[in-house]
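Student: Pasting a structure below so you can have a look.
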């Protein structure tokens, strides 16, 4: 076994023939192309084709290997280290100041990966690596990215802005307790999809910006209306039914917002408040004809410090007024928060507990605000009150409902959306 330092300008390593080499040739390949010694931090060694990354070492490749950064492919194989902890940047050419480039961060302790596009978090995936080497492929086509694991697509994103920074593997963030292994890095200056992937597959893309990540449909027919479903994990149960119902008639996007877990004065007051920045960014992905809106209230209203009761009416009124100002042609629909159940170890759950009483009060306050501003409501609370018999005895889930109840939720929301969709096709504008 020979240890070869990557600073050597010509590294010769016998690699097995790549199964896809007949279709595309890499412009840079670990073990075959030189690395500038000045682009190495710490100790980098190639042993049997493998580099160990420990959080203290890294190496960089000039960004020119990505061509004009419109179409390119980055692939490598990664093997997690047992019991490793910490945080490391697998690879990055991100320029945080200029909001360009891409970064992939790996959390060994949770075996999760986060993908950052143009300085904003876009995708999080748990259980990312297997016990053996996992092949990771990122394909950028027309500056839009697709992420694959072992040839299977995990996610798609919007545009990656070109970066002038080098592509760095293994940047130090927080050193893991044990190194993990990286091999078979290949970079192509073309969009090279894994064998068998259908590039026409229907899949939502993740778009991100200041304070938001949104799942957006690719628009094929701009004449069709657009719908945005905003909500928490309850909406994850019913939103698919809404998409199914309007398929071929309207496009449906999703937003499950982290920032809306809070509704304090500091989150809403002033044009640069986090919640307003988030709404501006999300609505810029439209315009939308209809927005079905529940501000993640099961999370926002509990614990109480996320939405102080004494300022709730003024804070929510501020947001409602702001939305009608920046999207005057969009029809907003408020979705009343669903009830929280008790979780007895035995017997049937009930709706009588301290958290639920708070939800009832907040629902009533919101009812008054929406009525004042002419925003229709869908009463999912009233629906769920009648569905306790669908919850298994002894269930420890206090909030979520089964597929049949979620379908009924969707039916109520669809009925209200239908009233608000345009009868004739006409473009919208966003102020």
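The values are calculated or read from the model by the stated rules, or taken from the named source; none is laboratory data. Keep in mind the model is a prediction, meaning the values are calculated, not measured. Glycine gets a Cβ as well: all are built from the backbone with ideal geometry, and neighbour counts include every protein chain shown.
Student: Filter the range 63-72 down to residues that are surrounded by fewer than 20 Cβ atoms within 10 Å (Cβ to Cβ) and touching a strand residue (DSSP E or B) at 6+ places or on another chain (Cβ under 8 Å) and give me whichever is nearest to residue 151 (Cα to Cα).
Tutor: That would be 71.
Student: Would you tally the residues in the range 384-407 being out of contact with any helix residue (DSSP H, G or I) (no Cβ under 6 Å at 6 or more places or on another chain) and either touching a residue at least 60 places away in the same chain (Cβ under 8 Å) or part of a helix (DSSP H, G or I) (or both)?
Tutor: 8
Student: Of all residues in the range 300-336, which are touching a strand residue (DSSP E or B) at 6+ places or on another chain (Cβ under 9 Å) and surrounded by fewer than 17 Cβ atoms within 10 Å (Cβ to Cβ)?
Tutor: Residue satisfying the conditions is 324 alone.
The rows are residues; the columns are (1) surrounded by fewer than 12 Cβ atoms within 10 Å (Cβ to Cβ); (2) in the same structural domain as residue 230 (by TED's automatic domain parsing); (3) in contact with a strand residue (DSSP E or B) (Cβ under 9 Å, 6 or more places away or on another chain); (4) farther than 30 Å from residue 247 by Cα.
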residue	(1), (2), (3), (4)
338	no, yes, no, no
345	yes, yes, no, yes
354	yes, yes, no, yes
394	no, yes, no, yes
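Student: Please state which one of 273, 191 is free of Cβ contacts under 8 Å to residues at least 24 places away in the same chain and under 30 Å from residue 97 (Cα atoms).
Tutor: Numbers: 191 fails: free of Cβ contacts under 8 Å to residues at least 24 places away in the same chain.
Just one listed residue meets the conditions, 273.
Student: Count, please, the residues in the range 92-119 that happen to be in contact with a strand residue (DSSP E or B) (Cβ under 6 Å, 6 or more places away or on another chain) and surrounded by fewer than 19 Cβ atoms within 10 Å (Cβ to Cβ).
Tutor: Summing the residues that are in contact with a strand residue (DSSP E or B) (Cβ under 6 Å, 6 or more places away or on another chain) and surrounded by fewer than 19 Cβ atoms within 10 Å (Cβ to Cβ) in the range 92-119 gives 1.
Student: Moving on. Considering every residue within the range 73-91, establish whether at least one is within 20 Å of the chain's Cα centre (by Cα) and surrounded by fewer than 18 Cβ atoms within 10 Å (Cβ to Cβ). If you could, list the steps in order and put the result at the bottom.
Tutor: Our first condition is that a residue be within 20 Å of the chain's Cα centre (by Cα); within the range 73-91, this holds for 87-91.
Add one more test, that the residue is surrounded by fewer than 18 Cβ atoms within 10 Å (Cβ to Cβ), and what stays is 87.
Yes.
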